[in-house]
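Engineer: Can you keep this structure in mind? I'll have questions shortly.
The values are calculated or read from the model by the stated rules, or taken from the named source; none is laboratory data. Everything numeric here is computed off the predicted structure, so don't read it as measured data. So basically every Cβ, Gly included, is an ideal-geometry build from the backbone, and we count neighbours across all protein chains shown. Heads up: the accessible areas ignore ligands, DNA and RNA and are worked out on the full protein's heavy atoms, side chains in. Shrake-Rupley method; radii C 1.70, N 1.55, O 1.52, S 1.80 Å.
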Amino acid sequence: MAIHDLTSQRLFVGPDLAAGVRFAPSAEQANYLVNVLRLQQGASLLVFNGRDGEWRASIFAVAKRSVVLEAVEQTRAQSTGSDIQYVFAPLKHARLDYMVQKATELGVARLSPVMTRHTVAERVNLDRMRANAIEAAEQCGILRVPEVDEPVKFKALIESWPATRTLIFCDEGAEMTSPLAALGALPSGSALAVLIGPEGGFAADERELLLSKPFTVAISLGPRIMRADTAAIAALALVNATLGDWR
């Protein structure tokens, strides 16, 4: 397993990265580098954009409210990671922040909020979700920041679901009690999604709709009832260990 530099400051940036490219980070990032971290001209940090790998950059120029960075050398090539989509009923405020951060750390490629019958959060702040995903990627050495989808209604999501992507959902009434056995029966290398329902569980008709589809797989998370954010971590860890990039 590769050992990455987790001590240097890391920034997620927008521009394309290549040796010698100079670019300005956002005003917020510039303020953080200069006024919070007190970095000076010539200081080194790591940058990534989700496309061109990770680069060692240096501060080329500093002004009161702006910074110019220069990409010096690539430290890691871009990696794609597992094709895991995380579909979830949104939670409120801090618990949603936590769930998005942990899903990012666990390597999901896409975050897809779905509004179910028992979803408690009426609105979803997509900008806040993206900010939490970026922060988690910056802090944990991840090279890919997940895409963030607009919220959709549960029925519309399931009825338009692509048959080629297996949808794994956590079901207290799953026939197979061992999640490892259920996941181990799936072919490796296929496109996957993990669905976590709301705190109150899926409504009866929602569960019936899920079970009626050939692309769904129900798994149990054991004898204890978990909160949605805990269930997300448990389910994504199981999928990574059996079908993802932990193998």
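Engineer: State all residues of the range 8-47 that are open to solvent by less than 40 Å² (accessible area, probe 1.4 Å), under 18 Å from ARG144 (Cα atoms) and outside any loop (DSSP other than H, G, I, E, B); if no residue qualifies, say none.
Structural biologist: ARG10, LEU11, LEU45, LEU46, VAL47
Engineer: Output the qualifying pairs, or none if there are none: Cβ atoms under 9 angstrom, residues six or more apart or on different chains, first residue in the range 17-46 and modelled with pLDDT of 95 or more, second residue aromatic (Phe, Trp, Tyr) and open to solvent by less than 40 Å² (accessible area, probe 1.4 Å).
Structural biologist: Filtered contacts from the range 17-46: LEU17/PHE23; LEU17/PHE48; LEU17/TRP55; ALA18/TRP55; ALA19/TRP55; VAL21/TRP55; LEU46/TRP55.
Engineer: Can you go through ALA174, ALA241, ALA231, ALA237 and tell me which one is outside any loop (DSSP other than H, G, I, E, B) and touching a strand residue (DSSP E or B) at 6+ places or on another chain (Cβ under 9 Å)?
Structural biologist: ALA231
Engineer: Please verify whether ALA77 is more than 27 Å from MET129 (Cβ to Cβ) and under 22 Å from the mean Cα position of the chain (by Cα), treating the condition exactly as stated.
Structural biologist: yes
Engineer: Turning to a different aspect of this structure: Does the range 130-142 contain at least one residue that is hydrophobic (A, V, I, L, M, F, W, C), within 15 Å of the chain's Cα centre (by Cα), in a loop (DSSP other than H, G, I, E, B) and surrounded by 15 or more Cβ atoms within 10 Å (Cβ to Cβ)?
Structural biologist: The answer is yes; a qualifying residue exists.
Engineer: Can you tell me which of GLY189, GLY184, GLY173 is on the phi > 0 side of the Ramachandran plot, surrounded by fewer than 14 Cβ atoms within 10 Å (Cβ to Cβ) and out of contact with any Asp or Glu (no Cβ under 6 Å at 6 or more places or on another chain)?
Structural biologist: GLY189
Engineer: Given the conditions (1) open to solvent by 80 Å² or more (accessible area, probe 1.4 Å); (2) at pLDDT below 95, which single one is not true for SER178?
Structural biologist: Unmet condition: (1).
Engineer: Tell me yes or no: at least one residue of the range 194-215 is in a loop (DSSP other than H, G, I, E, B) and among the β-branched types (Val, Ile, Thr).
Structural biologist: no
Engineer: Ok, one more. Take the range 103-135 and flag every residue that is under 19 Å from ALA237 (Cβ atoms), of a type in the set (D, E, K, R) and out of contact with any Pro (no Cβ under 6 Å at 6 or more places or on another chain).
Structural biologist: GLU105 - this is the single residue of the range 103-135 that is under 19 Å from ALA237 (Cβ atoms), of a type in the set (D, E, K, R) and out of contact with any Pro (no Cβ under 6 Å at 6 or more places or on another chain).
Engineer: Among the listed residues GLU138, GLU150, which satisfies the condition of being out of contact with any Pro (no Cβ under 7 Å at 6 or more places or on another chain) and either within 28 Å of LEU221 (Cα to Cα) or hydrophobic (A, V, I, L, M, F, W, C) (or both)?
Structural biologist: Criteria check complete, one pass: GLU150.
Engineer: Condition (residue is more than 20 Å from LEU17 (Cβ to Cβ) and surrounded by fewer than 19 Cβ atoms within 10 Å (Cβ to Cβ)) applied to the range 48-59: is it met by at least one residue?
Structural biologist: No, there is no match, as no residue in the range 48-59 is more than 20 Å from LEU17 (Cβ to Cβ) and surrounded by fewer than 19 Cβ atoms within 10 Å (Cβ to Cβ).
Engineer: Which of the residues belonging to the range 65-90 are closer than 12 Å to ALA109 by Cα, outside any strand (DSSP E or B) and aliphatic (A, V, I, L, M)?
Structural biologist: Selection gives nothing.
Engineer: If ASP5 passes every condition in (1) among the charged types (D, E, K, R); (2) under 28 Å from TRP246 (Cα atoms); (3) free of Cβ contacts under 8 Å to residues at least 60 places away in the same chain but one, which one does it miss?
Structural biologist: ASP5 satisfies all of (1) among the charged types (D, E, K, R); (2) under 28 Å from TRP246 (Cα atoms); (3) free of Cβ contacts under 8 Å to residues at least 60 places away in the same chain except (3).
Engineer: Does the range 97-128 hold any residues that are touching a helix residue (DSSP H, G or I) at 6+ places or on another chain (Cβ under 9 Å), assigned to a helix (DSSP H, G or I) and surrounded by fewer than 22 Cβ atoms within 10 Å (Cβ to Cβ), and which are they?
Structural biologist: ASP97, TYR98, GLN101, LYS102, GLU105, ARG128
Engineer: Let me ask another. Return a yes/no flag: does the range 175-192 have any residue that is of a type in the set (Val, Ile, Thr) and either farther than 19 Å from ARG95 by Cβ or in contact with a Gly (Cβ under 8 Å, 6 or more places away or on another chain) (or both).
Structural biologist: Yes; the residues of the range 175-192 include at least one that is of a type in the set (Val, Ile, Thr) and either farther than 19 Å from ARG95 by Cβ or in contact with a Gly (Cβ under 8 Å, 6 or more places away or on another chain) (or both).
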